[in-house]
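Here the structure is laid out as C-alpha cells; the discussion comes afterwards.
The values are calculated or read from the model by the stated rules, or taken from the named source; none is laboratory data. Please read all numbers here as calculations on a predicted model, not as lab measurements. Cβ atoms come from the backbone with ideal geometry, glycine included; neighbour counts cover every protein chain shown. Please note that ligands, DNA and RNA were not included when accessible areas were found on the heavy atoms of the full protein model with its side chains. Shrake-Rupley method; radii C 1.70, N 1.55, O 1.52, S 1.80 Å.
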Amino acid sequence: MSEKHSQNPFVSETADVTGLVPRGLRIGAALSWRFLTVCAALYVVIWLVGYLSVVVIPIAIALLLAALMAPAVSKLVAIKVPRGLAAAIVLIAGLALLGGLLTFVIVQFSSGLPSLQKQVTDSLHQIQNWLIDGPLHLRQEQIQDFIKQAIGFIQDNQSSITAGALTTAGTVGEILTGFALTLFVLIFFLTGGDQIWTFLTRAVPSNVRVRVDVAGRRGFASLVSYVRATALVAVVDAVGIGIGLAIMRVPLVIPLATLVFLAAFIPVIGAVIAGTVAVLVALVTNGFIGAIIVLGIVILVMQLESHILQPWLLGRAVRLHPLAVILSITVGLVTAGIPGALLAVPLLAVLNAGIRSLLHEENPDPAAVDVLDDKASQPNTTPDSPPPAKKK
C-alpha cells in the first residue's frame, strides 16, 4: 500500500513542490528577482540625485575643483603656510585666473566687434550677390520676401520667444545660486576635507572602516589624476585650434583659443560650442572657403580629442578602458545633459578605484595613501611580508 502511495503521480496540497521545479528555472528566477531589486534600488538612487540636483551638482563640481586645487594647497602647507590661509590664497588665485580669462575673452571680442560688424555686413552683401548672380539666380523680391517672412515668424511667435527668455533668465539665476553653493562647499573641502571624510567614515561599521577609508582615499586620488589629464587635453585642444586659426589668419586667435581651453573641460559639448564660434568668426572674416577649412581643423582636433586624447590620457590617468570612457560620456550626456557628460567619467573613475581597493587591497593603511600621487589610485596588492617561495 505504501509502495502504491509513493508512486502516486498526484501531489498533496501540503507537500513541498520545490523539487519539482527544474533547477535551471529556479536559478533563473532567483537571478531575476535579485536583478529587478538592484535595478529598482538604482532607479531610486538616480531619482533622488535628479530630485536633489540643485545640491548634488554643486557638491560634485566643488569636489572636482578641490581635486584640481588640492596639490597647490598641499605645496603651500608644506612650506609652513596655515591650511586656511593656503586654501584662501589658492581659491582667490583660481577665481582671479578664471575671471581674468573670461574678462580677456570678453574684452577682446568687444574691441574686435566694430571690425567684425563691418565684415559681417560685407559678408551679407556677398551672400546676397551670390544668391542673385550665382547658380540660384534669385530675384531681389524673393530675398526681401524671405526676410519679411522671417520677421513675421518672429512676431507671430513672440510669446514663445519671451517665455524662452524668461526660462533662460531663471536658468541664469539657478546657475548663480549653484555657483555660490559650489564656492561655499569648496572652501570647506580645501580647508577640512580630510576631517569631513573621517567624519563620514564613522557611519561605516568598525570592522570594515579601514578598508572603506582607504577605498575612498584611492577614489579621490583617481579624481586628482582625472583633473590633471583633463587640463592637459584642454591645453592640446586650445593649442591645436589656435594654431589652425593663426594659419588661416582668423582674427581674435588668442581669445578664441582661450575659449576653447575653458570649454574643453566640458567633454564633447564644450569643444563643439567653442568650435562653432571659431567657424562663425572665420565665416564672416575669411569667407565660405575659409570657414570650411576652419571647420575641418576643428573637426580634426575634436576627433583627436574624442578618439585619442581622452581615451588614452584619461584611460591611463584613471585606469579605465578607452571604451569605458567613451561610453560613460555618452551615457552621461544622454541621461543628464552637460552635467552628466561632465561628471560621468570622474564618477566612474572614483567607483573603479574604490571598488578595486575594496576587492584587492592588501594590508590597507589610510596613512600610507597620498591622494595627490598618481599611483595612489591603485590598490596595494603587495603584502608587508614576502610571499612564500613556490615549491619546485
Checklist entry - What number goes with the only condition from (1) buried (at least 18 other Cβ atoms within 10 Å of the Cβ); (2) within 19 Å of Val345 (Cβ to Cβ) that Gln303 does not pass? => result (1)
Checklist outcome for this item: Reported set for the range 343-366 where residues are surrounded by fewer than 19 Cβ atoms within 10 Å (Cβ to Cβ) and of a type in the set (Val, Ile, Thr) is Ile355
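Could you check how many residues of the range 206-248 are among the β-branched types (Val, Ile, Thr) and in contact (Cβ under 8 Å) with a residue 40 or more places away in the chain?
As a first pass, look at the range 206-248 and keep what is among the β-branched types (Val, Ile, Thr): 208, 210, 212, 214, 224, 227, 230, 233, 235-236, 239, 241, 243, 247.
Add one more test, that the residue is in contact (Cβ under 8 Å) with a residue 40 or more places away in the chain, and what stays is 210, 212, 214, 224, 227, 230, 233, 236, 241.
Counting residues in the range 206-248 that are among the β-branched types (Val, Ile, Thr) and in contact (Cβ under 8 Å) with a residue 40 or more places away in the chain gives 9.
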Checklist outcome for this item: Going through the range 240-255 in order, the residues found to be under 16 Å from Val105 (Cα atoms) and in a helix (DSSP H, G or I) are Ile241, Gly242, Leu245, Val253, Ile254, Pro255
Checklist entry - Of the residues Ile243, Ile247, Ile187, which single one is within 21 Å of Lys75 (Cα to Cα) and open to solvent by 30 Å² or more (accessible area, probe 1.4 Å)? => result Ile187
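For the range 209-220, what are the residues that are open to solvent by 60 Å² or more (accessible area, probe 1.4 Å) and among the aliphatic types (A, V, I, L, M)?
Val210
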Next on the checklist: Exactly one of these conditions fails for Gly340: (1) open to solvent by 60 Å² or more (accessible area, probe 1.4 Å); (2) modelled with pLDDT of 75 or more. Give me its number.
Outcome noted: (1)
Next on the checklist: If Ala66 meets every condition in (1) outside any helix (DSSP H, G or I); (2) touching a residue at least 40 places away in the same chain (Cβ under 8 Å) apart from one, which number is that one?
Outcome noted: (1)
Checklist entry - Among the residues of the range 265-281, is there at least one that is over 30 Å from Gly354 (Cα atoms), outside any helix (DSSP H, G or I) and at pLDDT below 85? => result no
Item to check | the range 75-108 - residue that is of a type outside the set (A, V, I, L, M, F, W, C), more than 30 Å from Leu259 (Cβ to Cβ) and in a helix (DSSP H, G or I) and, of those, least open to solvent (accessible area, probe 1.4 Å) | outcome: Gly84
Next on the checklist: Of all residues being in a loop (DSSP other than H, G, I, E, B) and either modelled with pLDDT of 70 or more or of a type in the set (Ser, Thr, Tyr) (or both) in the range 1-51, which is most open to solvent (accessible area, probe 1.4 Å)? Just the residue, please.
Outcome noted: Thr14
